[in-house]
1. How high is the FRET efficiency from E287 to L130, r the C-beta distance, R0 25 Å, rounded to 0.05?
2. Report in % the part of the accessible area of segment 298-367 that belongs to carbon and sulfur, leaving out ligands and nucleic acids; probe 1.4 Å.
3. Along the charge dipole of segment 221-400, pointing to its positive end and built from +1/-1 on Cβ of Lys, Arg, Asp and Glu, which listed residue (M364, T386, G246) has its Cα farthest out?
4. Nothing charged except the Cβ atoms of Lys and Arg (+1) and of Asp and Glu (-1): what's the magnitude of the dipole of segment 221-400 about its Cα centre? Round to the nearest 20 debye.
5. Counting Lys and Arg as +1 and Asp and Glu as -1, each charge on the Cβ, what is the dipole of segment 106-217 about the Cα centre in debye, to the nearest 20?
6. Which percent of the accessible heavy-atom area of segment 3-99 goes to carbon and sulfur, probe 1.4 angstrom?
7. Treat every Asp and Glu Cβ in the chain as -1 and every Lys and Arg Cβ as +1, leave all other atoms uncharged, and give the resulting dipole magnitude about the Cα centre to the nearest 20 debye.
8. So how compact is the chain: Cα radius of gyration and Dmax in angstrom?
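The values are calculated or read from the model by the stated rules, or taken from the named source; none is laboratory data. Note that the coordinates shown come from a computational prediction; the quantities given were computed from them, not determined experimentally. Cβ atoms come from the backbone with ideal geometry, glycine included; neighbour counts cover every protein chain shown. In case anyone asks, the SASA skips ligands and DNA or RNA and just uses the protein heavy atoms, side chains included. Shrake-Rupley method; radii C 1.70, N 1.55, O 1.52, S 1.80 Å.
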Amino acid sequence: MTAAAIDWARVASDLAPIGCVADRALVRRKSRDFFWYSPVLNERLKHVRADLVVCPADEAEVVRTLAYCHAHRIPVTPRGAGTGNYGQAMPLEGGVVLDLSGHDKFLWLEDGVARVQAGLKLADLEAHSLPRGWELRFHPSTRRTATIGGFVAGGSGGIGSIQFGGLRSRGNVRALRLVTMEAEPNVIELRDDDVMPAVHAYGTNGIITELEMPLARSWPWREAAVSFADIGAATAFAGALGEADGVVKKLVAVCDAATVRYFTPLLGHLPEGKAVALCIVADPSWEAFAGLAQAMGGIVSFERAVGAETDSIPPIYEFTWNHTTLWALKTDRTITYLQCLFGGPDYLDRIARAVAQFGDETPMHLEFSRVNGRVAAFGLQLVRYTSRERLYEIIGWLEANGIPVADPHTYILEDGGMKQVDEAQLAFKRRADPLGLLNPGKMKSWRQQCS
Ligand code: FAD
């Protein structure tokens, strides 16, 4: 049955007492994420909307909704807080948006592992764990708004990745409980390496209802902005800090002067025309950190204890990762961004070559991270967008020069990252969503096998 032929008021009444939203404006709002970061996706997705938003309050309501939608062949697209960047949570074929944000209980914390429901906000998770001395190993810069289920299903890494790597690094997600899309939905618990097919799968192969996350011991943290004469000096410092094993840190980001000028609330604290490293360092490591900065020509221009944020200057991590682009977009709506990996022993040279090649066309922004056990830098450089052709010329140059790009201008799972079929993910989808009703249109390998 096509979405147009379905009586949505009837669907809502059949699903009652499960909460449903049919109001057009609200359904449109809950059908969108931050796809508009990309001018390419903005054109393609701006009219996408669901027909109904269903808001299960517990797992039994998730099971009932999926069974109903399976019986009526209705597509279902899960949603946490809708902060994803590539239209991940957008219902390409209409149908139901399954809003999990009400499924948000903190279940337990034991020996540094937290068990939580998928719709719990990351900040709320830490509100429970911090008083007991534990924090997330890493979190996206959307910590204050995003859900843990949305992060695991749609994100990659963030603040803390310089110590712990990313979501697909072995050991960072201990267990997942998910519901399959079948006539009689199954509730499955995946543990250890078996979680991988559902991590960063955009909810195409199951609805995550609970997660077990290993945490890290919490520290008293300090934020710092360190200014450098140029991007080369700032990246050399960031690389050295990344490799300084005795300095406990959870953020090492670098922005060149052209990027920094969009950080309006911070500008009064930063010298003009300088590149900046934005860092979060554990209090006991402060002297070692400040000494390294000074030895490498840096000046600590701003420092503050984490937790002492004010309304006028948000947490420093909200200037990093995908927030950096947001600051630029607040001033200039023509800007977009890239996501690439500067890896390998010569990764600092690769950064320098990209800077020399594109200059002010791609103001540089880097997030230093551990990747497969080594320090590397994700490039989330801004792009002064002129055309799709030019964007893909830039991407082509980077890839030809050994700098892989996870294209943020596509909603296709494989094209956005791994560029190859993840056989385990595909096999799991065959089992968990045999009719292809979960977040349809996002997994290319599924479409190919069906055509
Ligand atoms: P949503 O956007 O609602 O969903 C993300 C994906 O997961 C969608 O495909 C959705 O269908 C699916 N999904 C949601 N819930 C479930 C579930 N329970 N079961 C199955 N599938 C589900 N990402 C990073 O990795 N690191 C960053 O530092 C970062 N910074 C960001 C900064 C900004 C300003 C913005 C706009 C985005 C950023 N992102 C980042 C992307 C995004 O915010 C994160 O990935 C975030 O954790 C997504 O959580 P969410 O609850 O908003 O998920």
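1. 0.50
2. 55 percent
3. Looking along the dipole axis, the top candidate is T386.
4. That gives a dipole near 220 debye.
5. Values: 12 positive and 13 negative charges, 101 e Å.
The dipole of segment 106-217 has a size of about 480 debye.
6. 52 percent
7. Roughly 660 debye for the chain.
8. 21.9, 69
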